[in-house]
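Chemist: Questions regarding the structure given below will be posed in turn.
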Amino acid sequence: MSAAPSVTPFPGYSMGRLDDEIVNPELYENETIHDIYARVRREDPVRWTAPTGFRPFWSVTKHADILEVEKSHQIFVNRLRTYLSPIEGEEWVKSVTGDTHLFRTLVDLDDPVHMKLRGLTQSWFMPPNLKKLEARIAEIAKAHVDHMAELGPQCDFVKEIALWYPLRVIMMIMGVPPEDEPFMLKMTQEMFGPGDPDVVSQSEHKGDRAAYGAERGQTVDLFATAQKLFEYFGAITVDRRKNPKDDVSSVIANGMVDGQPIGEREAMSYYIIIATAGHDTTSSTTAGGLLQLLKNPEQMTKLKTDMSLVPNFVEESIRWVTPVKHFMRTAMQETKLRDKTIKEGDGLCMFYWSGNRDDEAFEEPYRFKVDRNVTKHVAFGYGVHLCLGMHLARMEIKALYNEMLPRLKSIELNGTPKNTRANFVSGLKTLPVRYQMT
Ligand code: HEM
């Protein structure tokens, strides 16, 4: 690990404070993180950052630099550091698993093993296979919009619709029965929001370890969450080895790499990344897009008048919400990024939400436009780790809006929307709405 290079502190900020803020989950919750990002992009876009309690890293905040890091996957690797985690959390993971990760999911691995594992399910998530699922996804979308109509004239769009819809789709793809959905939802919320007070209060296993920047004593015990998921998917593996079905779980359970069955930890991690990455992200985007339509009624009118804009609206919602806020890489050799020399062993954190508000990449990035032609956001990452589920996510969100928009006669906010308190995967946790629909 290299020593911190000398970077001129910004006026008005002590170095320490800004460095603490860029990882502070509260700023993600109230969205003031955008002020921090804008300032870093303008004044020191590749910034050496040393938050209290974390190993230091380079904050990569510009769209072009995020693409550069993603493209250079042989220089910037995943396996050593994947997410922002306090030193205490990292040490705890090491003591439990013997290496730097709780799981060995695709995002924790590098090639060649990453590509081999990814290859097992990739075709499942490509458009030709998804086409076969389109009618079932449309049915699930309709059932959720019907439910919204029954709940009318008011509901919490996140808690009653957006959280459940993508969960049902991903569980259908994995062959998991609907009665297990509340369990999966809880486990995902614990994985992604272990420091969120609402998540902690509902968890049966509270921890006292720092996780994702949360204070000691305010977290979920992620090891207990992981064990529960291992038990659950362990039973699924046994079943699918005996009785393979036409689902993704069967592909994973019977997956072979280099002529050998994939390891237990790799299989568990595979289920977990698909089950968890596959719904929280999509539900945050679905709800976040609706909130922007409510805040910008002229955009709602434009969209309802021209439904051919739905794909643009979906892409704009993904750019706007950017539910995955960051991923990390580690440099394997000395290299340059913009004006900085990155040393071998340095960590880099790609702040995707910042890249998606970069005015060198997007015109008027702080305006939500349903007719924006978004072709290059970084919400799905880029390069060899490009989101495996991006076509599925787009298809799901489109299906819901295609069903919902024509049935909505009116809709307005009916309370204060709230975001989760998390700096990794985050988005709305409540969106009260009042509406009339058919
Ligand atoms: C709007 C929804 C979603 C967003 C914004 C999103 C975002 C991301 C991001 C940023 C990455 C890392 C990319 C990188 O490192 O370059 C990723 C990876 C991944 N995503 Fe998604 N995701 C979404 C939905 C889904 C869905 C529905 C699935 C379901 C299968 C999924 C499965 C995965 C997997 C398996 C990876 C790991 C890929 C790899 O490392 O090779 N995601 N996603």
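Chemist: What pairs can you find where one residue is in the range 302-327 and charged (D, E, K, R), the other is within 16 Å of the ligand (Cβ to nearest atom) and in a helix (DSSP H, G or I), and their Cβ atoms are less than 7 Å apart, with a gap of 6+ or different chains?
Modeler: Pairs that qualify, where the first residue is charged (D, E, K, R) and the partner is within 16 Å of the ligand (Cβ to nearest atom) and in a helix (DSSP H, G or I), are Lys325/Tyr28; Lys325/Tyr352; Lys325/Trp353.
Chemist: A follow-up question, please. Give Glu364, Glu360, Glu396 a once-over and let me know the one that is within 23 Å of Gly427 (Cα to Cα), among the acidic types (Asp, Glu) and touching a residue at least 60 places away in the same chain (Cβ under 8 Å).
Modeler: Selected residue: Glu396, the only one of Glu364, Glu360, Glu396 that is within 23 Å of Gly427 (Cα to Cα), among the acidic types (Asp, Glu) and touching a residue at least 60 places away in the same chain (Cβ under 8 Å).
Chemist: Please give the number of the condition Met390 fails out of (1) in contact with a Lys or Arg (Cβ under 9 Å, 6 or more places away or on another chain); (2) surrounded by fewer than 19 Cβ atoms within 10 Å (Cβ to Cβ).
Modeler: Unmet condition: (1).
Chemist: Now a separate question. If a residue must be in a loop (DSSP other than H, G, I, E, B) and either within 16 Å of Asp65 (Cα to Cα) or near the ligand (Cβ under 6 Å from one of its atoms) (or both), how many such residues does the range 370-393 contain?
Modeler: 11
Chemist: It is to be established whether one or more residues within the range 119-140 are at pLDDT 95 or above and part of a strand (DSSP E or B).
Modeler: no
Chemist: Are any residues in the range 86-101 aliphatic (A, V, I, L, M) and touching an Asp or Glu at 6+ places or on another chain (Cβ under 9 Å), and if so, which ones?
Modeler: Across the range 86-101, the qualifying residue is only Val93.
Chemist: I'd like to know if the range 287-296 contains one or more residues that are polar (S, T, N, Q) and more than 11 Å from the ligand (Cβ to nearest atom).
Modeler: The answer is yes; a qualifying residue exists.
Chemist: Sticking with this one: Restricting to the range 242-268, what's the tally of residues that are of a type in the set (D, E, K, R) and touching a strand residue (DSSP E or B) at 6+ places or on another chain (Cβ under 9 Å)?
Modeler: 1
Chemist: Give the number of residues within the range 161-194 that are over 15 Å from His279 (Cβ atoms) and under 20 Å from the mean Cα position of the chain (by Cα).
Modeler: Number satisfying all stated conditions: 1.
Chemist: Let me ask another. Can we say Asp258 is surrounded by 21 or more Cβ atoms within 10 Å (Cβ to Cβ), over 19 Å from the mean Cα position of the chain (by Cα) and of a type outside the set (A, V, I, L, M)?
Modeler: Answer is no for this residue.
Chemist: Hey, does the range 261-275 have a residue that's within 16 Å of the ligand (Cβ to nearest atom), acidic (Asp, Glu) and within 25 Å of the chain's Cα centre (by Cα)?
Modeler: Yes, that holds for at least one residue.
Chemist: (1) within 16 Å of the ligand (Cβ to nearest atom); (2) of a type in the set (Val, Ile, Thr); (3) outside any helix (DSSP H, G or I); (4) over 30 Å from Pro261 (Cα atoms): which one isn't true of Val69, the others all being true?
Modeler: Going through (1) within 16 Å of the ligand (Cβ to nearest atom); (2) of a type in the set (Val, Ile, Thr); (3) outside any helix (DSSP H, G or I); (4) over 30 Å from Pro261 (Cα atoms) one by one, Val69 breaks only (3).
Chemist: Restricting attention to the range 96-113, report how many residues are more than 23 Å from the chain's Cα centre (by Cα) and touching a residue at least 24 places away in the same chain (Cβ under 8 Å).
Modeler: Counting residues in the range 96-113 that are more than 23 Å from the chain's Cα centre (by Cα) and touching a residue at least 24 places away in the same chain (Cβ under 8 Å) gives 1.
Chemist: Further question on the same structure: Within the bounds of the range 131-138, is there any residue that is acidic (Asp, Glu), without any contact (Cβ under 8 Å) to a residue 40 or more places away in the chain and either at negative phi or surrounded by 17 or more Cβ atoms within 10 Å (Cβ to Cβ) (or both)?
Modeler: no
The values are calculated or read from the model by the stated rules, or taken from the named source; none is laboratory data. Worth saying up front: this structure is predicted, and the values here are computed from it rather than measured. Neighbour counts run over all protein chains shown; Cβ positions are idealised from the backbone, glycine included.
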